[in-house]
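Participant: This structure is in structure tokens; I'll ask about it shortly.
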Amino acid sequence: PDGTTVLFGVTYYDLAVNKGNRDLYSLRLKLPGDKGKNAVKAGSVSKLTNSPESEYNAIWRPDGLKIGYLSAKSGTMQLWEMNPDGSAAVQITEIADGIGNFAYAPDGKHVSFTQDVKLDQTTIEVYPDLPLANARIIDDLDYRHWNAWHDYAYSHVFIASYEAGKVGAATDIMPGERFDAPLAPMGGGEQIGWTADGKGIAYTCKKLNGKDYAISTNSDIFVYDLGTTKTTNVTEGMMGYDVEPLYSPDGKSMIWLSMERPGFESDRNRIFIADLVSGERRELLKDKDRAAGNCAWSADSKSIYFTSDIKGTVQVFNIEIGSGKLRQMTEGDHNWGSVHVATGILVGELSSMSYPTELYTIDPNTGQQSALTFLNQQLLKDVNWGDVKARMVKTTDNKELLAWVIYPPDFDPNKKYPTLLYCQGGPQSAVSQFFSYRWNFQLMAANGYIVIAPNRRGLPGFGQAWNDDISGDWGGQPIKDYMSASDDIAKEPYVDATKMGAVGASYGGYSVYYLAGVHKNRYKTFISHCGLFNLESWYGSTEEMFFANWDMKGAYYDKPQPKTYVEHSPHKFVGNWNTPILVIHGEKDFRVPVTEGMQAFNIAKLKGLDARFLYFPEEGHWIMQPQNGVLWHRIFFDWLGRTLK
């Protein structure tokens, strides 16, 4: 709270036990004017926890005398507190089945958290005379989402009185409501925010059920008044996603992120601000063609810091509330993951394709960026990194496309290298300077491949029009962009044009399946992870129907049938398949059900192609377990070695 010390978490992975463990750290910032004892302490990292159980959701108590965090040390996730030096850890709550998304009210008089509330009956509860019956009775949509079936419970926001480490009885501020706050399955504490005076709490919720929930992105911001116990929808009439309420330090305003177009999950995230006295609300980035994320108020409540995709990177920006002046604060080939206001400086997470996340500072006056932590330095000191370069590619419609090219370590331009086209998922997810633990470009390059990763049509950071161009045209210009990038890099003397492959996941996996039928012998091998193969069967089995309806421009049974189903479904081009293909899929992928991968593999084998199916019964759209991740990479590079090298 005094803006001098950063609290953060670090996760370490143990391959033998097949899981990660998260510990908490703090670091005293080097601040202008530090002298004497403060100058000595500045820059030193302190490890606060060192237990077999992970610690999450760590935040300072408003008075700065304690750190609150969540731990399952007692068997369920509960609130704990410790001193700022990590000593005297004490369990604060004992709430059945555990809690999540904990926060202190700014005045320190209350705490908030989320808890699952069971409101629906299981089949056994409806028919208790059939205790061995194993079935679900399903009457509407949204019965499973992302990677889990509905568990008959709903995440609700609770508040409780708090004083000197004692938590009172908790109150459910959403009693009886069959809705989730924050939004399932990926929303977190950023979707809940206390008012500056601690007398109200805002939360994000999509108060819809069944089919209505599945076809809509209309989430809203609701504010609960602790005094009157009244809840108000402050974004009523705004029909897209409204998320992440954040009150100004002076208590006069609230901002949130808002998407304008109903049903479009990848619309531009606008910053909206509401005057808490007049009720007036307006957009801060109007006419800026700039999307926002990770917002933070300045200490004086006069401006907002935020991150935004721009030309294959993620940078920090600032916008003044009064004048609307927008300033880009950082530059460079890297991604800022967040931004926080300290005393006289900003602190955030920075990464690149060549380095995993560390904490950095930004001088708000000069934009100078300085490393704050070096926790990965020892692990990576002997790694030989490949160069990463931006390459501009001319598209078939005469546009300029930015592609990242990652070269092998000790690259020799006099040699010829096998080359991989990386196809991005999303589909509207930027090919920025991310350091991925699943699709790591440096790891591919270190195995002897040149990698080209194009920001094809449909990606953010190049204006809203470029981002929107993929919807309804999945197999059109975006696929042409991929082939343009491949053809462009193939002209280089160091690229072996007879040894090119294409790899990708999700929409990237779809792209691989589609390329397999139209590539005209450009590629010698393919790898598709969780890709969409038959758009009609996918539409009838996926869960977030708003996404399918928006990006396909309707259902396959609409009259007339949308072009995407007619012209752009990969299964319609399998007659041209003549290339080895590795298919990877997880059983618990409900966004792109596993039968999509099975169809592709089965067809490849029926056609007599060299094909392999890597199936993960316990994974979803992403491979999350450490040993499964290692296996994924072994099969990935073994396949490329056999079919491309």
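The values are calculated or read from the model by the stated rules, or taken from the named source; none is laboratory data. Quick caveat: nothing in here was measured; it's all calculated off a predicted structure. Please note: Cβ atoms are built from the backbone with ideal geometry, for glycine as well, and neighbour counts cover all protein chains shown. Ligands, DNA and RNA are excluded from the accessible area calculation, which covers all protein heavy atoms including side chains. Shrake-Rupley method; radii C 1.70, N 1.55, O 1.52, S 1.80 Å.
Conditions tested, residue by residue: (1) among the β-branched types (V, I, T); (2) in contact with a Pro (Cβ under 9 Å, 6 or more places away or on another chain); (3) farther than 30 Å from G251 by Cβ.
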| position | (1), (2), (3) |
| --- | --- |
| L29 | no, no, no |
| V45 | yes, no, yes |
| T49 | yes, no, yes |
| N57 | no, no, no |
| M77 | no, no, yes |
| T93 | yes, no, no |
| N101 | no, yes, no |
| T114 | yes, yes, no |
| K118 | no, no, yes |
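Participant: Would you please name the residue that is most open to solvent (accessible area, probe 1.4 Å), looking only at residues in the stretch 504-533 that are closer than 15 Å to G575 by Cα and over 26 Å from the mean Cα position of the chain (by Cα)?
Facilitator: Across the stretch 504-533, the extreme among qualifying residues is K520.
Participant: So which of A485, A430 is open to solvent by less than 20 Å² (accessible area, probe 1.4 Å) and not in a loop (DSSP other than H, G, I, E, B)?
Facilitator: Criteria check complete, one pass: A485.
Participant: If you don't mind, there's one more thing I want to ask. Is it fair to say N57 is of a type outside the set (A, V, I, L, M, F, W, C), at pLDDT 95 or above, in contact with a helix residue (DSSP H, G or I) (Cβ under 6 Å, 6 or more places away or on another chain) and surrounded by 15 or more Cβ atoms within 10 Å (Cβ to Cβ)?
Facilitator: The answer is no for N57.
Participant: Checking P562 against (1) surrounded by fewer than 24 Cβ atoms within 10 Å (Cβ to Cβ); (2) on the phi > 0 side of the Ramachandran plot: exactly one of these is not met. Which one?
Facilitator: That leaves (2) as the condition not met.
Participant: Could you grab me the full set of residues in the stretch 107-127 that are under 24 Å from P182 (Cα atoms) and either in a strand (DSSP E or B) or open to solvent by 60 Å² or more (accessible area, probe 1.4 Å) (or both)?
Facilitator: D107, K109, H110, V111, S112, F113, T114, Q115, D116, V117, K118, Q121
Participant: Quick check: is even one residue across the stretch 539-551 of a type outside the set (F, W, Y), open to solvent by less than 30 Å² (accessible area, probe 1.4 Å), in contact (Cβ under 8 Å) with a residue 24 or more places away in the chain and in a strand (DSSP E or B)? Working first, answer last.
Facilitator: The initial filter retains those residues of the stretch 539-551 that are of a type outside the set (F, W, Y), namely 540-545, 548-549, 551.
Narrowing further to those that are open to solvent by less than 30 Å² (accessible area, probe 1.4 Å): 542-545, 548, 551.
Right, trim to in contact (Cβ under 8 Å) with a residue 24 or more places away in the chain and you get 542-545, 551.
Checking which are in a strand (DSSP E or B) leaves us with none.
Scanning the stretch 539-551 turns up no residue that is of a type outside the set (F, W, Y), open to solvent by less than 30 Å² (accessible area, probe 1.4 Å), in contact (Cβ under 8 Å) with a residue 24 or more places away in the chain and in a strand (DSSP E or B).
Participant: Turning to a different aspect of this structure: Being surrounded by fewer than 24 Cβ atoms within 10 Å (Cβ to Cβ) and within 22 Å of D638 (Cβ to Cβ) is the filter here, so list the residues in the stretch 488-503 that pass it.
Facilitator: Selection gives D496, T498, K499.
Participant: Of a type in the set (F, W, Y) and either open to solvent by 40 Å² or more (accessible area, probe 1.4 Å) or modelled with pLDDT under 95 (or both), is that true of Y143?
Facilitator: Criteria met by Y143.
Participant: Now, a different point. For W256, work out the one condition from (1) more than 15 Å from S301 (Cα to Cα); (2) part of a strand (DSSP E or B); (3) in contact with a Phe, Trp or Tyr (Cβ under 6 Å, 6 or more places away or on another chain) it doesn't fulfil.
Facilitator: Unmet condition: (1).
Participant: Please go through the stretch 451-468 and give me each residue that is in a loop (DSSP other than H, G, I, E, B) and closer than 29 Å to E492 by Cα, ordered by number.
Facilitator: If the condition is that a residue be in a loop (DSSP other than H, G, I, E, B) and closer than 29 Å to E492 by Cα, then N455, R456, R457, G458, L459, P460, G461, F462 are the ones that fit.
Participant: So which of L420, L459 is among the aliphatic types (A, V, I, L, M) and either open to solvent by 10 Å² or more (accessible area, probe 1.4 Å) or under 17 Å from D309 (Cα atoms) (or both)?
Facilitator: Answer to the check: L459.
Participant: Another question, then. Can you confirm whether K47 is at pLDDT 95 or above, under 30 Å from P364 (Cβ atoms) and of a type outside the set (S, T, N, Q)?
Facilitator: Considered against the rule, which asks whether it is at pLDDT 95 or above, under 30 Å from P364 (Cβ atoms) and of a type outside the set (S, T, N, Q), K47 comes out as yes.
Participant: While we're on this one: Which ones in the stretch 265-296 are within 20 Å of the chain's Cα centre (by Cα) and either more than 16 Å from G463 (Cα to Cα) or not in a loop (DSSP other than H, G, I, E, B) (or both)?
Facilitator: Across the stretch 265-296, the qualifying residues are E265, R270, I271, G293, N294, C295, A296.
Participant: Here is a further query. Can you name every residue in the stretch 62-72 that is of a type outside the set (S, T, N, Q), buried (at least 16 other Cβ atoms within 10 Å of the Cβ) and without any contact (Cβ under 8 Å) to a residue 60 or more places away in the chain?
Facilitator: Once the filter is applied, which keeps residues that are of a type outside the set (S, T, N, Q), buried (at least 16 other Cβ atoms within 10 Å of the Cβ) and without any contact (Cβ under 8 Å) to a residue 60 or more places away in the chain, the stretch 62-72 yields G68, Y69, L70.
Participant: Return the pairs, sorted by first residue and then second, in which the second residue is open to solvent by 20 Å² or more (accessible area, probe 1.4 Å), the first residue lies in the stretch 237-256 and is among the basic types (K, R), the beta carbons are less than 8 Å apart, and the residues are 6+ apart or on different chains.
Facilitator: Hits for this filter: K252/D275; K252/L276; K252/V277.
Participant: When the stretch 616-639 is examined, which residues are found to be out of contact with any Phe, Trp or Tyr (no Cβ under 7 Å at 6 or more places or on another chain) and among the aliphatic types (A, V, I, L, M)?
Facilitator: Hits for the stretch 616-639 are M624, V630, L631, I635.
Participant: Which members of the stretch 613-630 meet the condition of being open to solvent by less than 70 Å² (accessible area, probe 1.4 Å) and part of a loop (DSSP other than H, G, I, E, B)?
Facilitator: P617, E619, G620, H621, I623, Q625
Participant: If you don't mind, there's one more thing I want to ask. What number goes with the only condition from (1) out of contact with any helix residue (DSSP H, G or I) (no Cβ under 7 Å at 6 or more places or on another chain); (2) surrounded by fewer than 20 Cβ atoms within 10 Å (Cβ to Cβ); (3) not in a strand (DSSP E or B); (4) not aliphatic (A, V, I, L, M) that N218 does not pass?
Facilitator: (2)
Participant: If the requirement is being without any contact (Cβ under 8 Å) to a residue 24 or more places away in the chain, of a type in the set (A, V, I, L, M, F, W, C) and open to solvent by less than 70 Å² (accessible area, probe 1.4 Å), which of these qualifies: V583, V594, V574? Spell out the reasoning first.
Facilitator: Details: V583 fails: without any contact (Cβ under 8 Å) to a residue 24 or more places away in the chain; V574 fails: without any contact (Cβ under 8 Å) to a residue 24 or more places away in the chain.
After ruling out the rest, the residue left standing is V594.
Participant: Next question, about the same structure. Residues N83, N18, N50: which one is in contact (Cβ under 8 Å) with a residue 40 or more places away in the chain and open to solvent by 30 Å² or more (accessible area, probe 1.4 Å)?
Facilitator: Residue meeting the stated conditions: N18.
Participant: Still on this structure, please answer the following. Looking at D129, is it of a type in the set (D, E, K, R) and touching a residue at least 24 places away in the same chain (Cβ under 8 Å)?
Facilitator: no
Participant: Go through the stretch 201-242 and report how many residues are within 14 Å of F264 (Cα to Cα) and in contact with a Lys or Arg (Cβ under 6 Å, 6 or more places away or on another chain).
Facilitator: 2
Participant: Can you tell me which of E358, E331 is charged (D, E, K, R) and within 18 Å of K30 (Cβ to Cβ)?
Facilitator: Numbers: E331 fails: within 18 Å of K30 (Cβ to Cβ).
None of the others qualify; the one that does is E358.
Participant: What residue, of S436, S484, is of a type outside the set (V, I, T) and modelled with pLDDT under 95?
Facilitator: Of the residues listed, the single one that is of a type outside the set (V, I, T) and modelled with pLDDT under 95 is S436.
Participant: Return a yes/no flag: does the stretch 629-636 have any residue that is over 22 Å from the mean Cα position of the chain (by Cα) and over 24 Å from G448 (Cα atoms). Quick ask: steps written out before the conclusion?
Facilitator: To start, the set of residues in the stretch 629-636 that are over 22 Å from the mean Cα position of the chain (by Cα) comprises 631, 634-636.
Then drop every residue that is not over 24 Å from G448 (Cα atoms), which leaves none.
Taking every residue of the stretch 629-636 in turn, none turns out to be over 22 Å from the mean Cα position of the chain (by Cα) and over 24 Å from G448 (Cα atoms).
Participant: Let me ask something additional. Go through the stretch 631-645 and report how many residues are surrounded by 14 or more Cβ atoms within 10 Å (Cβ to Cβ) and closer than 19 Å to L15 by Cβ.
Facilitator: From the stretch 631-645, those surrounded by 14 or more Cβ atoms within 10 Å (Cβ to Cβ) are 631-633, 635-637, 639-640, 643-645; that's our starting set.
Subsequent filtering for residues that are closer than 19 Å to L15 by Cβ retains 631-633, 635-637.
Going through the stretch 631-645 one residue at a time, the tally reaches 6.
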